[in-house]
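The values are calculated or read from the model by the stated rules, or taken from the named source; none is laboratory data. Model, not experiment: these values are computed from the prediction. Every residue, glycine as well, gets a Cβ built from its backbone with ideal geometry; the counts of neighbours run over all protein chains shown. For the accessible areas, the whole protein counts, side chains as well, though only heavy atoms, and no ligand, DNA or RNA atoms are used. Shrake-Rupley method; radii C 1.70, N 1.55, O 1.52, S 1.80 Å.
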Amino acid sequence: MVMEGKPQAPHVLIFPLPFQGHINSMLKLAELLSLAGITITFLNTPHSHHQLTHHSDVLSRFSRFPTFRFCTITDGLSPDHPRTIEFFAQIIASFDTVTKPIFKHWLISGHFGPDLTCVVLDAFFKNLIDAEDAEIKQPIFGFRTVSGCSVWAYLRVPHLIEDGQLPIRGEEDMDRMITNIPAMENLLRCRDLPGFCRVTDTNDSVLQFVVKQTQQSYQFHALILNSFEDLEGPILSNIRTLCPNLYAIGPLHALLKTKLSHETESMNNLWQVDQSCLAWLDNQPPGSVIYVSFGSITVMGNRGLMEFWHGLVKSGRNFLWVIRPDLVKGGEIEIPAELEEGTKQRGYIVGWAPQEKVLSHEAVGGFLTHSGWNSTLESIVAGKPMVCWPYTADQQVNSRFVSNVWKLGVDMKDLCDRESVATMVNDVMVNRKEEFMRSASEMAELAGRSVSPGGSSYADFDRLVNEIRLLSQ
Ligand code: UDP
């Protein structure tokens, strides 16, 4: 009950896209806001909620906040739908036809409670709310879970089309330099543009969808990014010319650690975590292990798997490799004896790792990653150089920034052969180790400062909390 004359406690509804990277970072935001005394309703699809509660400790962890609650909304798909990135267009279409009307009805009918202050919506979901819809009274904050550099590239896509720089005209056009993205001059080649730009027809439905969602970032009450000034300052300034009320509050997992008085590992896994790799790491020499993970949605064929495997064994380095149960699409394969032997000597394979703990382990000297934004930030915070093998979406831009702007590693984009894997792993782990370790340590220091009292992300988070409090009065 709300007492008359007393200010209401703020109540925020948070709604992520149903993918691991989105849920993970938006749950970190939910935990941070809960710690600040804000009531949170976290909305998930039943499928994601089921996976999350089965494979992580979220229920017990969030039970310490009496005003936090999970809530579910249908994604309109059948229970046995695979819900993988290959079906992205289908998932989005189903959200549009089934979820959107329910979500709107719930918002205007007070389903989430009469005290709802505002909504933090995954900005990839802008289509769930029509900008001109006067019936929705709550301010909508957009949280874009990807990098600022990829958001800025997406924002420029219409200009690239107008300019004739897009579409990409086939494989032979991939190294052409893109010339007119402010703050990225002479940096991006066609192959470094967001993965969705790799189409020969600019009317491609997924490209158009992503571009439209990004353009509509202007319509949010404010835009939240999991980034920090010392990492993406010039890019964030450019985004601010279009979305002035921008909150850069990352790396969120590091900010959360600052705010928690004791070290509790927050795990928001949709897969069963295999902790045994930590004991294996304990027995490896410092800096000797390359950690290999392609995130939660990447898929590859048997050939790709074999090239990585041969490359890792050939590199001569110790490796810890996450092979998700659904990483490889292809039938049974026979594993050559030399790979079995090489793995027994120097490797360890798990289905899902406690990644933040792994990256901060002293045995890990580098990260072979698909350049997902959470993974990139986690590597930055842990001060570990990267070998980037981007798969889709923002990852193509992130990997270019890792190699050519932040100088935190090498970009293996579009190569998938054992020689390249072995060479690039050794570049990061041995040949150029000092150079990369120096820049990785410097960036880790800046990341740490940004989430400490007086740091830019720390201050921006306080500003966000204050704004939410003001809205509730
Ligand atoms: N992750 C994990 N264990 C693994 C692989 C990944 O905990 O074995 C986590 C990782 O820490 C990150 C998230 O899954 O927070 C993946 O998000 P990211 O944005 O890097 O990539 P996506 O999965 O969205 O492609």
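Within the shell defined by Cβ-Cβ distances under 9 Å, the residues around GLU31 carry a net charge of +3, with Lys and Arg each +1 and Asp and Glu each -1.
The loop-placed trypsin sites (Lys or Arg not before Pro) in segment 191-254, going by DSSP, include none that has at most 12 neighbouring Cβ atoms within 10 Å of its Cβ. The residue list PRO114, PHE143, TYR154 was ranked by how far each Cα lies along the charge dipole of segment 113-160 toward its positive end, using unit charges on Cβ atoms, and TYR154 comes out on top.
For the chain, what is the mean residue ellipticity at 222 nm derived from helices alone (per DSSP H run of n ≥ 4: -39500 (n - 2.57); sum divided by total residues; nearest 500 deg cm²/dmol)?
Mean residue ellipticity at 222 nm (helix-derived): -12000 deg cm²/dmol.
Heavy-atom accessible surface of segment 303-427, averaged per residue, reaches 34 Å², computed with a 1.4 Å probe. Under 5 Å from the amide H of VAL199 lie the amide H atoms of ILE168, each residue being 5 or more positions distant or on a separate chain, with H modelled from the backbone and absent for Pro and chain starts.
Remark: the chain projects, on average over all directions, an area of 22.5 nm² (convex hull of Cα atoms).
Is segment 14-162 rounded, prolate or oblate when judged by the Cα gyration tensor, a ≥ b ≥ c being the square roots of its eigenvalues, rounded requiring a/c under 1.5 and prolate requiring a/b larger than b/c? Rounded, because the longest to shortest axis ratio a/c is under 1.5. Computing FRET efficiency as 1/(1 + (r/R0)^6) for GLN473 and PHE87, where r is the C-beta to C-beta distance and R0 is 41 Å, gives about 0.40. Pairs from the table (LYS259/LYS357; LYS28/LYS137; LYS126/LYS259; LYS126/LYS357) lying more than 28 angstrom apart at Cα are LYS126/LYS259; LYS126/LYS357. Simple spin-label estimate for ARG449 and THR97 gives 5.3 nm between the two label positions (7 Å along the Cα-to-Cβ direction from each Cα). Size check on segment 340-387: the Cα extents along the three principal axes, sorted descending, read 33, 20, 19 Å. Estimated at 0.36 nm per residue, the fully extended path between SER276 and SER439 surpasses their Cα-Cα distance by 55.6 nm. Between GLN345 and SER261, the simple label model (points 7 Å from Cα in the Cβ direction) yields a spacing of 5.2 nm. If a/c stays under 1.5 just call it rounded; otherwise compare a/b with b/c (prolate if a/b is bigger, oblate if not). Do that for segment 341-465, with a ≥ b ≥ c from the square roots of the Cα gyration tensor eigenvalues. Prolate, since a/c reaches 1.5 and a/b exceeds b/c. When you filter the trypsin sites (Lys or Arg not before Pro) in segment 17-66 for DSSP loop state and at most 13 other Cβ atoms inside 10 Å of their Cβ, you are left with ARG64. Cα centroids of segment 109-144 and segment 302-326: 43 Å apart.
Here is the list for segment 294-336: GluC sites (Glu not before Pro) lying in DSSP coil, each with at most 16 other C-beta atoms within 10 angstrom of its C-beta, are GLU332, GLU334.
Rounded if a/c is under 1.5, else prolate if a/b is larger than b/c, else oblate: which is segment 415-464, with a ≥ b ≥ c the root eigenvalues of its Cα gyration tensor?
Values: a/c = 7.65, a/b = 2.60, b/c = 2.94.
Because a/c hits 1.5 or more and a/b fails to exceed b/c, segment 415-464 counts as oblate.
All other residues whose Cβ lies under 14 angstrom from that of ALA459 are scored, Lys and Arg at +1 and Asp and Glu at -1, for a net of -2. Principal axis extents of the Cα atoms in segment 145-281, from largest to smallest and rounded to whole angstrom, are 53, 38, 28. Under 5 Å from the amide H of GLY347 lie the amide H atoms of PHE319, each residue being 5 or more positions distant or on a separate chain, with H modelled from the backbone and absent for Pro and chain starts.
Enumerate the lysines that LYS314 could reach by cross-link, defined here as Cα to Cα under 21 Å, with residues fewer than 8 away along the same chain left out. Counting by Cα, and skipping residues close in sequence, LYS314 has these lysines nearby: LYS344, LYS413, LYS433.
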